[in-house]
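Before any comments, here is the structure.
The values are calculated or read from the model by the stated rules, or taken from the named source; none is laboratory data. Everything numeric in this text was worked out from a predicted model, so none of it was measured. Glycine gets a Cβ as well: all are built from the backbone with ideal geometry, and neighbour counts include every protein chain shown.
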Amino acid sequence: MKTKTAKGFTPLEKVIDFHWRKLQGLNSLSLKPVRKRNSLTGFTLVELLIVLAIISLMLGVLMPALTQIRKIAANTKQKAQISSIEIGLSLYKNDFGQYPPSHGFDPNNPTDPNYDYNYNGAQTLAEAMFGIDLLGMHSDSAFIGNGKDIGNTRDLYPPDPNTTNLSKRKGPYLDRTNIGVFKPEDIYKTPPSPAFPASFRKWRYVICDVFSVKSKEIGNKRYKIGTPILYFRANLSPINTRLVPNMIPGRLAKNIYNYADNYFLMNVGRIVDGKNHPICPFDDNPTDAGNGNAFYKYIHDPMILPASGTWGRPVRPDSFLLISAGFDGLYGTNDDICNFEPNIE
């Protein structure tokens, strides 16, 4: 006979009842997903401000250094361009027996001086290296700005040159792939201030340096444009062996180097803002006596003592001068890049 507990259940029935109730309790539970807590937290405002301050500080330190690196790279490239032009001029001299003039020839004024200052040295340099039409220098050229021969009758650079014409060409002496060749009318604002004279041949090419100061769309392409390279050829038969600053053109022509050869390109000022170049102050009219002092001081040889009223002997008195305005776009400052050491205080 089975023994009953106080409630009337045997011990075995009580055990079964206990486990049954436990199973019912488990069924009543609702299983809920456990959300995983994110261990990452966001930046506070103070932390963000600290990071921004550090970035600003780093930029303030790095930007001048990056600008200086850009300048050094551009200076190196410009020195290479000057060297290329020197080689091109040497090749020209081998073909023609002398360096190209640094001013145009005026066939309407055959008496001395017969210079055409409306065709500047920077432009005669471009013609010598490439020809007026960039297809080569014509061997009959007398550097008349209109592109005709010395008799001012025959067009040496016709729009569609034939094989006979092209066979008379020399060069080009430079590779235009890495050299900018542009017209003053595309380089300077219209009109520049002071303006080019109406007679200035602003449609004739010049060679520009590598320091881009503006961009302009020409044809269907946008180009970066630098400042013209100035070219001065030495007069090998000068009356004045010292540099005499006197802006009367006939007297300037007696110097070893003629300040007026690039006067109109210098006188219009810096491309970007018209600021005057230190070697060519504004209102420095080439017909006024007593001017040109800054230029002749710039090119004189400091090792040779000057005579009274002169700036002494110039550097490179038997060849030519090439002048790049440098990074600041101004002729006559200490960042100029030349084929000589300019005399700058």
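For the reader, a short list of remarks on this structure follows.
- Candidates in segment 83-102 are the residues that are of a type in the set (Ser, Thr, Tyr) and over 21 Å from Lys168 (Cα atoms); of these, the one that is farthest from the chain's Cα centre (by Cα) is Ser102.
- Scanning segment 314-345 for residues that are assigned to a strand (DSSP E or B), modelled with pLDDT under 95 and touching a Ser or Thr at 6+ places or on another chain (Cβ under 8 Å) returns no hits.
- For segment 123-131, the criterion of being surrounded by fewer than 16 Cβ atoms within 10 Å (Cβ to Cβ) and either at pLDDT below 95 or not acidic (Asp, Glu) (or both) is met by no residue.
- Filtering segment 208-238 to residues that are in contact (Cβ under 8 Å) with a residue 40 or more places away in the chain and either in a strand (DSSP E or B) or among the basic types (Lys, Arg) (or both) leaves Lys214, Tyr223, Lys224, Ile225, Pro228, Leu230, Tyr231, Phe232, Arg233.
- Pairs meeting the criteria (first residue in segment 70-85 and surrounded by 12 or more Cβ atoms within 10 Å (Cβ to Cβ), second residue acidic (Asp, Glu), beta carbons under 6 Å, at least 6 apart or on different chains) are Gln78/Asp209.
- When Ile323 is tested against the conditions (1) over 16 Å from Asp261 (Cα atoms); (2) within 28 Å of the chain's Cα centre (by Cα); (3) surrounded by 22 or more Cβ atoms within 10 Å (Cβ to Cβ), the lone failure is (1).
- Taken residue by residue, segment 219-229 has at least one member that is farther than 30 Å from Lys254 by Cα and modelled with pLDDT under 90.
- Qualifying residue in segment 181-192 (condition: under 21 Å from the mean Cα position of the chain (by Cα) and in a strand (DSSP E or B)): yes
- Being modelled with pLDDT of 90 or more and among the polar types (S, T, N, Q) is a property that holds for Thr164.
- The residue of segment 181-199 that is modelled with the highest pLDDT, among those that are crowded, with 16+ Cβ neighbours inside 10 Å, hydrophobic (A, V, I, L, M, F, W, C) and more than 16 Å from Glu127 (Cα to Cα), is Ile187.
- Scope segment 124-166; condition in a helix (DSSP H, G or I), in contact (Cβ under 8 Å) with a residue 60 or more places away in the chain and not charged (D, E, K, R); matching residues: Thr124, Leu125, Ala126, Met129, Phe130
- Which numbered condition Trp311 fails, given (1) out of contact with any Gly (no Cβ under 7 Å at 6 or more places or on another chain); (2) at pLDDT 75 or above: (2)
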